[in-house]
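Report on the structure given below.
The values are calculated or read from the model by the stated rules, or taken from the named source; none is laboratory data. These numbers were taken from a predicted model, which means no experiment stands behind them. Cβ placement follows ideal geometry from the backbone for every residue including glycine, while neighbour counts extend to all protein chains displayed.
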Amino acid sequence: MTTHTSPHADTPSRVGSQLASALADRLEQGVQALIAFASALSDAEWQTRVPHDGRTVGVIVHHVASVYPLEIQLALTVANGNPVTGVTTADVDEMNAHHATEHAGVTKEAAVELLQKNGSAAAAAIRALSEAQLAQAAPVSLYAGAPLTCQFVLEDHAVRHSYHHLARLRQTLGR
C-alpha cells in the first residue's frame, strides 16, 4: 500500500497542529473520565467532603469545569508572548474558596453539563494553536515569574486538571 503525504507535512505549522490536537485529545480524555466518574456517583458521594480540602466532591467537579476558560486564557496570554502577571497561589486559593461557597449546592447534572461544555471549548481553543504558539514562552507570576511555554501552562493546568482531581476524588471515595 502506498501512502501519499502532503509536501508540507513536516512544516512547523503542521507539526504544531498535530501537537495541539494531541494535547486537546488528552484534555478531552480527562474530561470524559471525570464525567463518567461523576455521573455514576450517588447523592451521598456527591456531597462527601474531600479530606485536607474541605470542598465536596460535587463542588470540585464543578470547579474543574468552571476554571477551564481561565486556564485557557492564561495559556493564550503566554501563546501571544505576553507575561502573566498578578496571579499568585493566594489568588487561586481565594478564587477556589469563593467558588466553593457560591456553588455549594451545585447539582450533578449542572456540573456535568458545564464540564462537557467548557471542556469542549477548551479543547477547541487548544486545537487552534500553532507550534510557534505552543513553544512561545513568557514570564508567569504563578511560577515566580519563570519564563514558561504555552504548552507547559496547558499541560500543568487545563490538560492535567481533570486527571489531578479525579485521582483525589477516587481516593476520597475508595473507587
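All but one of (1) touching a residue at least 40 places away in the same chain (Cβ under 8 Å); (2) surrounded by 17 or more Cβ atoms within 10 Å (Cβ to Cβ) hold for Asp156; which doesn't?
(1)
Do the conditions hold for Ser120, that is, is it touching a residue at least 12 places away in the same chain (Cβ under 8 Å), surrounded by fewer than 22 Cβ atoms within 10 Å (Cβ to Cβ) and not hydrophobic (A, V, I, L, M, F, W, C)?
Judged against the criteria, Ser120 is a match.
Quick check on this structure: which one of Ala124, Ala132, Ala167 is assigned to a helix (DSSP H, G or I), farther than 23 Å from Ala40 by Cβ and within 15 Å of the chain's Cα centre (by Cα)?
Ala124
Just to be sure, is Ala111 part of a helix (DSSP H, G or I) and under 16 Å from Leu41 (Cβ atoms)?
Yes: the conditions hold for Ala111.
Please go through the stretch 39-56 and give me each residue that is out of contact with any Phe, Trp or Tyr (no Cβ under 8 Å at 6 or more places or on another chain) and not in a loop (DSSP other than H, G, I, E, B), ordered by number.
Ser39, Asp43, Ala44, Glu45, Trp46, Arg49
Restricted to the stretch 159-175, and to residues that are modelled with pLDDT of 95 or more and charged (D, E, K, R), which residue is surrounded by the fewest Cβ atoms within 10 Å (Cβ to Cβ)?
Here the answer is Arg170.
Is there a residue being surrounded by 22 or more Cβ atoms within 10 Å (Cβ to Cβ), in a helix (DSSP H, G or I) and in contact (Cβ under 8 Å) with a residue 12 or more places away in the chain anywhere in the stretch 140-149?
There is no residue in the stretch 140-149 that is surrounded by 22 or more Cβ atoms within 10 Å (Cβ to Cβ), in a helix (DSSP H, G or I) and in contact (Cβ under 8 Å) with a residue 12 or more places away in the chain.
Determine the pairs where a residue that is surrounded by 14 or more Cβ atoms within 10 Å (Cβ to Cβ), located within the stretch 38-56, has a partner that is among the charged types (D, E, K, R) and not in a loop (DSSP other than H, G, I, E, B) with Cβ atoms under 9 Å apart, the partner being 6 or more residues away or on another chain.
From residues that are surrounded by 14 or more Cβ atoms within 10 Å (Cβ to Cβ), the pairs are Ala38/Lys108; Leu41/Lys108; Trp46/Lys108; Val50/Arg168; Asp53/Arg168; Arg55/Arg49; Thr56/Arg49.
Which residues, counting only those in the stretch 78-93, are part of a helix (DSSP H, G or I) and surrounded by 12 or more Cβ atoms within 10 Å (Cβ to Cβ)?
Answer for the stretch 78-93, where residues must be part of a helix (DSSP H, G or I) and surrounded by 12 or more Cβ atoms within 10 Å (Cβ to Cβ): Val78, Ala79, Asp91, Val92.
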